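Below you'll find the structure, written out as structure tokens, and then a few comments.
Quick note: the coordinates plus some simple rules give every number you see, no bench work behind them. These numbers come from a predicted model, not from an experiment. All Cβ positions, glycine included, derive from the backbone under ideal geometry; neighbour counts span all protein chains shown.
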Amino acid sequence: MSRDRPRVVIDDSSRDGRIDVDALLADRGTEIIVCCGSGGVGKTTTSAALALRAAEQGRTVCVLTIDPARRLAQSMGLTELDNTPRPVAGVRGDTGSLDAMMLDMKRTFDEVVERHASPEKAQQILQNPFYIALSSSFAGTQEYMAMEKLGQLHAESVAGAGGAEKRYDLIVVDTPPSRSALDFLDAPERLSSLLDGRFLKLLLMPAKGPARLLSAGLGLVTGALNKVLGAQFLTDLQGFIAAFDTLFGGFRQRAEATYSLLQADETRFVVVAAPEPAAMREASYFVERLAGEQMPLAGLVVNRVHADADDGITAAAAEAGAARLRTAGPPAGPVTAELLAVRADRLAVADRERHQQRAFGSAHPSVPTVAVPALPSDVHDLDGLRQIGDLLAGQPVGSST
Amino acid sequence: MSNATELHVVTGKGGTGKTTVAAALAMSLAGRGRRVLLCEVEGRQGIAQLFDVPPLPYAERKIAVGPGGGEVYALAIDPESALLEYLQMFYRLGRAGKALDRFGIIDFATTIAPGVRDVLLTGKVYEVARRRDGGRFAYDAIVMDAPPTGRITRFLNVNSELAGLAKVGPIKRQAESIMTMMRATSTHVHLVTVLEEMPVTETIDGIADLEAEKLPVGHVVVNLIRPALLSAESRTALESDAVDARVVGQALESVGLPATAAEGLLDGGRAALRREDLERDQRDVLSGSGRPVIELPRLAGGIDLGALYELAGELEDMR
């Protein structure tokens, strides 16, 4: 695959510039859907709604969420963070199923260490203060572990009628609410290049042979670090590096495997946004970045869009009518004036949002988009997720409830 | 003269307008003769985008004049520059600083070494807050556009991250000085939210987390407030079905609008009432937090410099 020829993969699951969500979910070739976008745009809800809809249409689905709102988590039976997929009760249909899990990044990291190091070495690593901090608070570990878990779930198989088959035929991933929505693409590379870095290699190297040439410079460096951080810091660090060294190769390999899984034909990215300048800007950036990285994009979901009623009253007419009814008119004049003001306000909001979407559309004409109207309240249960699913698929709300 | 530079830390859930509120607060604090620094720590260049200027460097630049005539400076803090500056300032590590970079140590310290990144970011703020310019502090106030609510306590509480790592030495001492500043009465951590369930829940959780670590919580800023368009009389009329499509239709016709729109307008009105009810519930939740609450309107034209001045006026109570 050539790196300089970016592909915005718009596949057959789009029609008339709109994502054909049901075709996307029905396509058995789609095995992974990654939902990404900036914070606060409804990624988790979109992921859960897509997963539920796919399950009720007969697929064996797992949704991997990072930090769901409490009540949405409860509605899916996610009462504890135990890093294991649990069946969601209340899913309709006989053939499909939905499991949900919440990522525990520390536990996922611990499991990787335990799987790849001898018990004695694993113990050493798990107790090192550097490891503890790295696995519980390093900005990027969450992203890295989300991708690690995705790889694991995708590789899991169960005994089936025709021999071993995949445990899940569709995994929907909700990406972490990071500093930048793109961190999860960069985290594996950043982490492995750091762990693999020259400095850490040098710290491990005995001062002989060609390394002696470097040791003067290194002495200066470690001296500086000791001064700034205290000697214990370096000792702990060296212990950590020594114990971790054997895992380096494995980590880099895994990061590369995850990266190519994200580029693979069975993966589709769904960029999620809200019709506001900052979120749409981030979505734009994301779409471009995915194209640059050869990651297959299914399209853009714009959440919480306010549709305007189409009954021939423009914002200007509503405002003018309201002004006249406030001063004089029939008994229902004042209340009608206020209703017209509400309408004018809604029309202005809809207009602003349409402008945001149009700007995105002109910059990325080939990206299929679906707008999901705002619901009066937050989604807390499976029925709410079904409604969102209907709206995503462009079906009348209630057609699947 | 005050005996410390005020520090205002502005946090909030993504999408609530944290950067806008931080900028408006900085302008509001810039009264006559006062100097305020607005800084960001996440490498997002949100301040530059907001003020429509080129990306900010690691240097303090004057970016605006407050409505009261004071000056607002801006600074984008990145951990790499902060570390090099720190090493130069305290250890005169010009050459060794470069060597550190060559060995990938700067990269290491700022990305992987636990907690060091946050010590550097908050450490720069500490340095600015203590800096003197003649007989007075260099700035009267610092406003930090901080990480989001979900990460703010961990970000400010740099000591806990370093515990067990840098047990002694200047980094440890630095972390302790920073904690003293963060817990001082001159520091205020403000939380920005909108009147929706999820951001409000996060705000309440955030306040509890901050209080548990004895970090001083300031105001709750409710952003993007829509004006209430329906009066109490109209609410009663709509809820009791005292108005119906017929009378609204007549009123519409009297001003030359189609009577057929009446049903849609009534639906729109009831939806607006439901929205207001939900918002009132969230307001109640916020006032239950016991923290002073300030509301900022949603401005129709979006956010530009004029809008920032307008919002700055609304934030006068936070001075």
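Mean projection of the Cα convex hull over all viewing directions, computed for chain B: 20.6 nm².
Taking label points 7 Å from Cα along the Cα-to-Cβ direction, B:Q49 and A:E80 give a separation of 4.1 nm. Take the Cα coordinates of the stretch B:229-289, assign each an equal point scatterer, and use the Debye formula without solvent to give log10 I(q)/I(0) at q = 0.15, 0.16, 0.19, 0.28 Å⁻¹. For the stretch B:229-289, the Cα-only Debye profile gives -0.53, -0.58, -0.73, -1.14. If R0 is taken as 45 Å, the Cβ-Cβ distance between B:E80 and B:D241 corresponds to a FRET efficiency of 0.10. Among B:302-308, B:117-123, A:18-24, sorting by the average number of other beta carbon atoms lying within 10 angstrom of each residue, highest first, gives B:117-123, A:18-24, B:302-308.
Taken along the Cα-to-beta-carbon direction at a fixed 7 Å, the label points for B:N159 and A:R358 span 5.6 nm. Per-residue shielding of A:29-42, expressed as the average number of other chain Cβ atoms within 10 Å of the residue Cβ, stands at 2. With each label modelled as a point 7 angstrom along the Cα→C-beta vector, the B:A184-B:V65 pair spans 3.0 nm. Cβ-Cβ distance of A:D311 and B:M89, R₀ of 41 Å, FRET efficiency by 1/(1 + (r/R0)^6): the value works out to about 0.05.
The GluC sites (Glu not before Pro) of the stretch A:314-371 include none that meets both criteria, a DSSP state outside H, G, I, E and B (loop) and at most 11 other C-beta atoms within 10 angstrom of the site's C-beta. Using the Cβ-Cβ distance between B:E197 and A:S366 with R0 set to 41 Å, the FRET efficiency works out to roughly 0.70.
Structure note, pairs A:K43/B:K62; A:K43/B:K18; B:K18/B:K62; B:K124/B:K214: Cα-Cα distances above 28 angstrom occur for A:K43/B:K62. Where does chain B land at 222 nm, in deg cm²/dmol rounded to the nearest 500, when only DSSP H runs of n ≥ 4 count, each adding -39500 (n - 2.57), divided by all residues? For chain B, the value works out to -15000 deg cm²/dmol.
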